[in-house]
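Peer 1: Pasting a structure below so you can have a look.
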């Protein structure tokens, strides 16, 4: 069974064993082993850990895990809606995969008005699948899922992107781990387990949810992994072309 298949199985039915968390710990150049043996973690001051049972119950084991986690991060939160945070991070993660098609920093990529429509479109595809599965996505680190959902006020998604730009400007982590996998480590990313799974789930929800941007993004990431494309603005432009074609079909 592949990693993605195992995730699908647990997501669909649970397994009575797995608990979950939404972690965002920095792995930036500023995260260093210091001379005294301690580790400087540049992101800990701005990221908050979420933990919870997949079914939302407050079980003794998750409460014990929460107490243990608070010894590491005193702000750690026990939530009855861990799926909401996981899907929220998934939507933001889709944006990060798109920024990794280029060599731009996260902040610079999200700030580029030419590609705002693509980032917003990716988040909306992910969140459409989440809401169709009965999940209420949660916000974090400047990312507000409600800004991308139907009925959101005009300009709300742009405001959310501005908040994400501001958040990332403050971070020592200029590029995503996805970018480092492609540009530095030259190894495959987790695109299939993270985004490919959403494409698969989109086919299973009631009425179906199309994900043309996510599907094309997965293909483009694999092209970079395989050496068929370079990380460049031109590769991100391929995603814009997909959005343009998809919008034309809907019209």
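The values are calculated or read from the model by the stated rules, or taken from the named source; none is laboratory data. Quick caveat, the model's predicted, so the values are computed rather than measured. Glycine gets a Cβ as well: all are built from the backbone with ideal geometry, and neighbour counts include every protein chain shown.
Peer 1: Kindly check whether there is at least one residue in segment 46-65 that is modelled with pLDDT under 60 and either closer than 30 Å to residue 110 by Cβ or under 16 Å from the mean Cα position of the chain (by Cα) (or both).
Peer 2: There is at least one residue in segment 46-65 that is modelled with pLDDT under 60 and either closer than 30 Å to residue 110 by Cβ or under 16 Å from the mean Cα position of the chain (by Cα) (or both).
Peer 1: Among (1) under 27 Å from residue 172 (Cβ atoms); (2) touching a residue at least 12 places away in the same chain (Cβ under 8 Å), there is one condition residue 65 misses while meeting the rest; what is its number?
Peer 2: So residue 65 meets the others, but not (1).
Peer 1: Which residues, counting only those in segment 120-132, are in contact with a helix residue (DSSP H, G or I) (Cβ under 7 Å, 6 or more places away or on another chain) and farther than 17 Å from residue 239 by Cβ?
Peer 2: 127, 129, 130
Peer 1: Follow-up question, since we're still on this one. From the set of residues in segment 139-176 that are assigned to a loop (DSSP other than H, G, I, E, B), in contact (Cβ under 8 Å) with a residue 60 or more places away in the chain and under 17 Å from the mean Cα position of the chain (by Cα), which is nearest to residue 215 (Cα to Cα)?
Peer 2: 176
Peer 1: As an exercise: evaluate residue 184 against (1) assigned to a helix (DSSP H, G or I); (2) buried (at least 16 other Cβ atoms within 10 Å of the Cβ) and give the number of the one condition it does not meet.
Peer 2: (2)
Peer 1: Oh, and also: Which of the residues that make up segment 156-175 are farther than 16 Å from residue 111 by Cβ and at pLDDT 95 or above?
Peer 2: 156
Peer 1: Of these, 189, 136, which one is in contact with a helix residue (DSSP H, G or I) (Cβ under 8 Å, 6 or more places away or on another chain), surrounded by fewer than 16 Cβ atoms within 10 Å (Cβ to Cβ) and under 17 Å from residue 126 (Cβ atoms)?
Peer 2: Numbers: 189 fails: surrounded by fewer than 16 Cβ atoms within 10 Å (Cβ to Cβ).
Only one candidate qualifies: 136.
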